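Every read-out reported here was derived from the displayed coordinates using simple, explicitly stated rules and does not represent laboratory data. Given the structure is predicted, the values throughout are model-derived calculations rather than measurements. Quick reminder, even Gly has a Cβ in these numbers, built from the backbone with ideal geometry, and neighbours come from all protein chains shown.
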């Protein structure tokens, strides 16, 4: 494996798809690249929890990794009771060095305490 | 976090929202930054430049300093095979402005080159000159995948249904339903996570790639010529005309007068040569990176380094062949002048950096001769003894013929 210069893998997670299965955003930015993730999912394929995807990737790409929560829309639209079951297992992964989140910032002031908790 | 502008008027236009809502959105974003920083969270602010924000760049710098938030500048990313977004001219305008007001620092420490403008206030503007605008269909088609933000060595997309080993390739998805670790391993390799084919051919240890491998690279035009031939003035005019970035070698950070005082004498000419080669190594990486975004007009390139030191060192010139590693321009325009024109131009300007050789008549004569003999497939000579309008017209013809009709 070419990991000579590797320090930390960067795993980018489609949080909105995990919560809603589709693109959800309060903005319609003209520069948004919605093709960040593949959009057409064959109907017969069943979803798996994101944490399992991360663990699988980490088996093949061993070592430390950082998690970047982004994906199809604005992650802070996800209510806490829906967000916590997705994100909490991620925070317990041994090789995870950091978790970051991409947001348009509109809800951040109101949700920053939830995020930290 | 992201925000495209700090101006409510522009915000309304960019985001296509109702009158009055823009101010609220901007205020909410800034309040979000403040709240996150208050709680000790690190924040990066992404600014996708989709409008003319040159006038508000100082406001962004103030915002960056106030909250200790680095600002990352991006052009609009086009979909694969779509034309460059017309509003990306605004991004080019902003870059040109930033280069004109301050020399950036180049950070080579990470996987991706970063061009950083840092102010004493702590404000930080960052531009990663990857090939954002033109995403190739598959990474092995891209000569600059190692600069690419969407790919490749470290980043993996994970959704509830699949793993996407490379952010660009859509032919290389691993579906969880495949349920086969070997398959995942193969796909991760094919997405650039190992030395496996096809990406092995672009080992970072191999010789730097030349621009002809990358069909998306913008033109690189170099002006060469003896001192007083008019390069600086004319290269600026042409850069403005073409709306390209202007670049000058040696780059700003190598214009160090203290070092020049040490090496600018006959005892240290070899050190001088190596110093200039170091500068060209640096310039090579910087120009390569910039060409991913914009055309570049350059005042002197490697031929000047070679010609000067061939004359200064004579037979002591080491046998070094920079063409092994340096970018070959699309067009090298040599401005030819005769001795009297050169003399009068040199008299008009004072001595400055790197100018002690300008007063040496024999050296200047030899320089004129050497530049006059410069040849190559990509070299054209333009007489610059007469009216500047004539010179400019002939340069435009040469560029049109050699660069745009290729």
>> Starting from the 7 Å offset along Cα-to-Cβ, what nm value, one decimal, do you get for the label separation of residue B:349 and residue B:401?
In response: 2.7 nm
>> Using 0.36 nm times the number of residues separating residue A:114 and residue A:93, minus their current alpha carbon distance, what extension gain do you get?
In response: 5.6 nm
> On the first, second and third principal axes, largest extent first, how far apart are the outermost C-alpha atoms of the range B:211-404 in Å?
Replying inline: 45, 36, 27
> In peptide A:106-115, how many Cβ atoms from other protein chains are near each Cβ within 10 Å, on average?
Replying inline: 5
> Given springs between every Cα pair under 10 Å in a Gaussian network model of chain A, which of A:96, A:57, A:29 has the largest fluctuation?
Replying inline: A:29
>> Quick check: from the Cα gyration tensor, does the range B:8-127 come out rounded (a/c under 1.5), prolate or oblate?
In response: oblate
>> Please compute the contact order of chain A in relative form: average sequence separation of alpha-carbon pairs under 8 Å and at least six residues apart, divided by the residue count, as a percent.
In response: 36 percent
> How would you classify the range A:9-116 from its alpha-carbon gyration tensor, with a ≥ b ≥ c the square roots of the eigenvalues: rounded for a/c under 1.5, else prolate if a/b is greater than b/c, otherwise oblate?
Replying inline: oblate
>> Over the Cα atoms, compute the radius of gyration (one decimal) and Dmax (the largest Cα-Cα distance, rounded to a whole number) for the range B:253-319, in Å.
In response: 13.5, 42
> How high is the relative contact order of the range B:8-127, in percent, counting Cα pairs under 8 Å that sit 6 or more residues apart?
Replying inline: 24 percent
>> Please compute, for peptide A:40-50, the average count of beta-carbon atoms on other protein chains lying within 10 Å of each residue's beta-carbon.
In response: 3
>> Compute the helix-to-body angle for A:80-91: its Cα long axis versus the longest principal axis of chain A, expressed 0 to 90° and rounded to tens.
In response: 10 degrees
> In degrees from 0 to 90, rounded to the nearest 10, what is the angle of the helix A:50-60 Cα long axis to the longest principal axis of chain A?
Replying inline: 20 degrees
> Do you know the relative contact order of the range B:211-404, to the nearest whole percent, from alpha carbon pairs under 8 angstrom that are 6+ apart?
Replying inline: 33 percent
> Taking every residue in A:61-71, how many Cβ atoms of other protein chains lie within 10 Å of its Cβ, on average?
Replying inline: 2
>> Taking 60 Å as R0, compute the FRET efficiency from the Cβ-Cβ separation of residue B:179 and residue B:267 and round it to 0.05.
In response: 0.25
